[in-house]
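To start, the structure itself, in C-alpha cells.
The values are calculated or read from the model by the stated rules, or taken from the named source; none is laboratory data. Quantities reported herein were computed from a predicted structural model and do not represent experimental measurements. Please note: Cβ atoms are built from the backbone with ideal geometry, for glycine as well, and neighbour counts cover all protein chains shown.
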Amino acid sequence: MSTKKFNENTILVEKIKDFRSSSIKRKFKYEIMQLDKPVSFWIKEDRLLKKKGKEFAIILRTKGCSWALGDFGGCSMCGYIQDSTIEKIDQTHIINQFNYALKEKINDITSDEEDFIVKIYNSGSFFDDDEISEDVRKHIFMKIASVPKIKEVVIESRVDYITNEKLKKMMSILKNKYVEVAIGLETVNDYIRNKYINKGLKFKDFLDAINLCKKNDVGIRAYLLFKPPFLNEQTAIEDCAISIQKLAELKINTISINPLNIHKNSLVEYLFYQNRYRPPWFYSLFKCLLKACKNNDILSSVRIISSPSGAGTKRGIHNCLKRDCNEFMIKALKEFVLTQNINSLIKNDLNFSCDCLLKYQLQKNFI
C-alpha cells in the first residue's frame with residue numbers, strides 16, 4: 001500500500017500507531033509452554049450453510065497481523081495484537097497449538113449428533129507465509145480432512161495474501177469440505193473503510209479476491225463492522241444495510257456482522273474514554289437487519305450471522321445496562337442466526353418494550 005494513498009489520513013494513522021506502540025511495550029514474553037497452547041478454543045451452537053450445527057473455534061497465537069505491525073499501525077478498532085507474540089514464533093508451536101485444541105475436543109466432535117464447522121482465527125492472515133507457513137497450513141488442513149464430522153471450514157486472510165496457488169493447495173486437501181475464506185471488508189464504502197477504520201483495503205481488491213475464490217470453488221465470508229468510529233447510530237444502520245444488500249448482489253456466501261466492541265489500547269478505546277464513541281445499540285442492529293432483509297429474498301441466497309463479543313456490557317453492543325433488556329436481545333439475535341428467519345427479529349420488534357427505547361429514539365442521530 002503506497003504512502004500517497006494515506007496522506008490525508010496521517011493524523012489518524014499516527015494516533016493508531018501510538019496506541020499500538022504503547023500496547024506492544026506492555027506485552028510480556030510468553031513461556032514455551034504458553035506458546036504450545038492456543039489463545040482459546042471452544043465448541044458452541046452455530047449456523048451451518050443449510051442447517052443448525054456446532055462450531056469448533058480455535059484462536060492460534062502467532063506473531064500477529066502484518067497490517068497492525070506495519071507502517072500504518074493497523075485498524076482503528078482492533079486490539080488483537082495483544083494476543084500475538086509480536087516476535088517471530090517457531091512454526092512447531094503453531095502446530096502444537098492446533099493439535100492441543102483438536103485433541104481436547106475431538107471426542108466431543110465425533111460423538112456429537114450435530115455436524116461441525118471449524119473456524120481458525122489467528123488475529124492476522126492465515127495465508128501470510130510469515131505468520132503461518134505452508135507446511136503448517138498443510139498439517140492443519142490434513143488434520144481437518146481426517147474428521148468426517150467437520151463439514152465446513154473457515155479461515156481468515158487479508159486479500160494481499162490470497163493467491164491462486166494457495167487456494168488450489170488448500171482445496172486439494174479439503175476437497176470434501178465446504179471452505180470459506182473470511183475477509184474483513186467492514187463496509188462497501190471505501191471512504192469509511194480507509195478513513196475511519198484505516199483498513200488499507202479498496203473494494204476493487206476485494207472484488208478481485210471474490211473472483212479468485214469463485215474460480216477455485218472456495219466460498220467467501222465477508223466481515224462487516226457495525227458502527228465504525230465517527231458514525232452515529234442512524235448512519236451505521238444505513239451503511240451496514242447497504243453493505244448487506246451489495247454483498248448479496250455479489251453472491252457472497254456468508255455475511256458476518258460484527259458490532260464494534262471496545263478493544264484495549266485501540267483508537268476506539270481512546271474515543272470511548274472521551275465520550276466520543278458509544279458501542280452500538282441492539283435496536284440499531286435489528287433495524288439494520290430488518291431494513292436489509294425484510295422485503296426481499298436475501299436470506300435464501302446468503303447466510304447472515306452475528307455473534308457479538310462483549311454483548312450486554314458497556315464495551316460491547318448493548319441497549320441500557322438492564323440485564324433483562326440485553327438478554328432478550330441476545331436471545332433474539334441468536335435465534336435469528338440459527339434459523340435464518342427474519343421473523344425472529346420482527347417478533348422481537350413487536351413484542352419487546354423497555355424504557356430505554358425512547359432514549360434511543362431521541363439520541364440515535366447524535367450518538
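Does E131 satisfy the criteria of being closer than 19 Å to K54 by Cα and within 21 Å of the chain's Cα centre (by Cα)?
So E131 does not fit the description; no.
Among the residues of region 100-131, write down those that are of a type in the set (G, A, S) and touching a helix residue (DSSP H, G or I) at 6+ places or on another chain (Cβ under 6 Å). Reasoning before the result, please.
First, pick out the residues of region 100-131 that are of a type in the set (G, A, S): 101, 111, 123-125.
If the condition is that a residue be of a type in the set (G, A, S) and touching a helix residue (DSSP H, G or I) at 6+ places or on another chain (Cβ under 6 Å), then S123, S125 are the ones that fit.
Pairs please, first residue from region 1-16 and under 23 Å from N265 (Cβ atoms), second anywhere and modelled with pLDDT of 90 or more and β-branched (V, I, T), Cβ atoms under 7 Å, 6+ apart in sequence or on different chains.
So the pair list comes out as F6/V13.
Suppose we filter region 108-142 for residues that are of a type in the set (A, V, I, L, M, F, W, C) and part of a helix (DSSP H, G or I); how many remain?
Residues meeting the conditions: 5.
Would you pick out the residues in region 174-200 that are under 17 Å from D160 (Cα atoms) and of a type in the set (V, I, T)?
V181, I183 - these are the residues of region 174-200 that are under 17 Å from D160 (Cα atoms) and of a type in the set (V, I, T).
Taking the condition surrounded by 17 or more Cβ atoms within 10 Å (Cβ to Cβ), in contact with a Cys (Cβ under 7 Å, 6 or more places away or on another chain) and either aromatic (F, W, Y) or assigned to a loop (DSSP other than H, G, I, E, B) (or both), does G64 pass?
no
Within region 169-184, is there a residue that is under 24 Å from C78 (Cβ atoms), surrounded by fewer than 21 Cβ atoms within 10 Å (Cβ to Cβ) and acidic (D, E)?
No, region 169-184 contains no residue that is under 24 Å from C78 (Cβ atoms), surrounded by fewer than 21 Cβ atoms within 10 Å (Cβ to Cβ) and acidic (D, E).
Using the structure shown, decide if K204 is in a loop (DSSP other than H, G, I, E, B) and either in contact with a strand residue (DSSP E or B) (Cβ under 9 Å, 6 or more places away or on another chain) or surrounded by fewer than 20 Cβ atoms within 10 Å (Cβ to Cβ) (or both).
Against the criterion (in a loop (DSSP other than H, G, I, E, B) and either in contact with a strand residue (DSSP E or B) (Cβ under 9 Å, 6 or more places away or on another chain) or surrounded by fewer than 20 Cβ atoms within 10 Å (Cβ to Cβ) (or both)), K204 does not qualify.
Pick out the one residue from I86, I120, I59, I81 that is buried (at least 19 other Cβ atoms within 10 Å of the Cβ), out of contact with any strand residue (DSSP E or B) (no Cβ under 7 Å at 6 or more places or on another chain) and under 27 Å from S21 (Cα atoms).
So the residue among I86, I120, I59, I81 that is buried (at least 19 other Cβ atoms within 10 Å of the Cβ), out of contact with any strand residue (DSSP E or B) (no Cβ under 7 Å at 6 or more places or on another chain) and under 27 Å from S21 (Cα atoms) is I81.
Go through (1) modelled with pLDDT of 95 or more; (2) among the small types (G, A, S); (3) under 26 Å from K52 (Cβ atoms) and name the single condition S301 misses.
Of everything listed in (1) modelled with pLDDT of 95 or more; (2) among the small types (G, A, S); (3) under 26 Å from K52 (Cβ atoms), S301 misses just condition (1).
How many of the residues in region 239-259 are touching a Lys or Arg at 6+ places or on another chain (Cβ under 8 Å) and outside any helix (DSSP H, G or I)?
Number of matching residues: 6.
What residue, of I330, I346, I342, I317, is among the β-branched types (V, I, T), modelled with pLDDT under 90 and on the phi < 0 side of the Ramachandran plot?
I346
Please specify each residue of region 152-176 satisfying the condition of being without any contact (Cβ under 8 Å) to a residue 12 or more places away in the chain and among the polar types (S, T, N, Q).
Once the filter is applied, which keeps residues that are without any contact (Cβ under 8 Å) to a residue 12 or more places away in the chain and among the polar types (S, T, N, Q), region 152-176 yields only S172.
For D36, indicate whether it is crowded, with 20+ Cβ neighbours inside 10 Å, under 24 Å from K143 (Cα atoms) and either of a type in the set (D, E, K, R) or out of contact with any Leu (no Cβ under 9 Å at 6 or more places or on another chain) (or both).
no
Within region 89-107, track down each residue that is surrounded by 15 or more Cβ atoms within 10 Å (Cβ to Cβ) and in a loop (DSSP other than H, G, I, E, B).
Matches in region 89-107: I89 only.
Are any of the residues in region 13-22 modelled with pLDDT of 85 or more, within 17 Å of the chain's Cα centre (by Cα), over 25 Å from D129 (Cα atoms) and of a type in the set (K, R)?
For region 13-22, residues modelled with pLDDT of 85 or more, within 17 Å of the chain's Cα centre (by Cα), over 25 Å from D129 (Cα atoms) and of a type in the set (K, R): absent.
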